[in-house]
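The values are calculated or read from the model by the stated rules, or taken from the named source; none is laboratory data. Predicted model only: the values in this text are computed from it and were never measured. Using ideal geometry, Cβ is built from the backbone for each residue, glycine included, and neighbour counts are taken over all protein chains shown.
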Amino acid sequence: MRSTRFRVPLLALLLAAGLAACGGNGGKPDPLPSTGSPSSDAQRPSSEVPKVASPLPASLVQGDPCKVLTEAQVKTLFSGVSPEVQPSQDTGVAKQCRWSNPSRGSGIGVQLVYAWKDGLGHVYAKKNEGFFEELAPVQGYPVVAYGPTDDRPTGRCSVAIGIADDAAFEVDVKLADSQAGKGADPCQDAQHVADLAVTTLKGGA
């Protein structure tokens, strides 16, 4: 996996308070499907969906998203600054938690998407209907950047990570205002956050 080490100002990241996560879809995972209903076999190109060789328990997506990143990890991501934390919320599709630095317009979000019964199959089912890019796996777990549009020029990116064939979570990133549109890749940073989250989940978050 290529290095995803944060550039320092970049790590004062995502959703300024109130900014919707998941590709700008009202704080819910992008409509893959938005109803949370399973895709049919005809919709899902199952042969394309990467299999998870060493799956984590699918029950992890029912956990507390605010514990998916440890306090130490979060402080590292925000360059030692303690960010504002939006308490865990249940959107009806996922459980989400957000950390932000409003003064920089930056933040990160984690969503445990319990509605994705087919894991990344829901993301692959809509791969031709918006922005979609496969990224290097983190610790062997497949990662896909996706959304209705490619928001990287504005410093935003959402990635979905398959932790089992029937379970996935999402990381959303918004770079600091001073970094957006200046060549920094928010998807690379989202991938790095995903790597940290997988480490925590492996520990039984």
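Report yes if some residue within the range 171-180 is in contact (Cβ under 8 Å) with a residue 60 or more places away in the chain, β-branched (Val, Ile, Thr) and not in a strand (DSSP E or B); otherwise report no. Within the range 171-180, not a single residue is in contact (Cβ under 8 Å) with a residue 60 or more places away in the chain, β-branched (Val, Ile, Thr) and not in a strand (DSSP E or B). Counting only residues that are touching a Gly at 6+ places or on another chain (Cβ under 7 Å) and hydrophobic (A, V, I, L, M, F, W, C), the range 105-160 holds 4 of them. Considering only residues in the range 98-130 that are part of a strand (DSSP E or B) and among the polar types (S, T, N, Q), the one that is nearest to the chain's Cα centre (by Cα) turns out to be Gln111.
Report the residue count in the range 52-78 for those that are touching a Ser or Thr at 6+ places or on another chain (Cβ under 9 Å) and closer than 23 Å to Gly92 by Cβ.
Looking only at that region, the number is 6.
Scanning the range 51-66 for residues that are in a loop (DSSP other than H, G, I, E, B), of a type in the set (A, V, I, L, M) and modelled with pLDDT of 95 or more turns up at least one hit. Screening Glu133 on (1) closer than 21 Å to Leu201 by Cα; (2) among the charged types (D, E, K, R); (3) in a strand (DSSP E or B) shows it passes everything except condition (1).
Listed here are the residues, each with its yes/no results for (1) of a type in the set (Gly, Ala, Ser); (2) surrounded by fewer than 23 Cβ atoms within 10 Å (Cβ to Cβ).
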site	(1), (2)
Glu133	no, yes
Tyr146	no, no
Asp150	no, yes
Val159	no, no
Ala168	yes, no
Asp177	no, yes
Gly181	yes, yes
Asp189	no, no
Gly203	yes, yes
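Quick one: would you say Glu134 is modelled with pLDDT of 95 or more, within 17 Å of Leu69 (Cα to Cα) and acidic (Asp, Glu)? The answer is no for Glu134. Of note, Ser39 does not satisfy the criterion of being hydroxyl-bearing (Ser, Thr, Tyr), modelled with pLDDT of 80 or more and surrounded by fewer than 21 Cβ atoms within 10 Å (Cβ to Cβ). Can you find even one residue in the range 99-110 that is surrounded by 18 or more Cβ atoms within 10 Å (Cβ to Cβ) and in contact with a His (Cβ under 8 Å, 6 or more places away or on another chain)? No, there is no match, as no residue in the range 99-110 is surrounded by 18 or more Cβ atoms within 10 Å (Cβ to Cβ) and in contact with a His (Cβ under 8 Å, 6 or more places away or on another chain).
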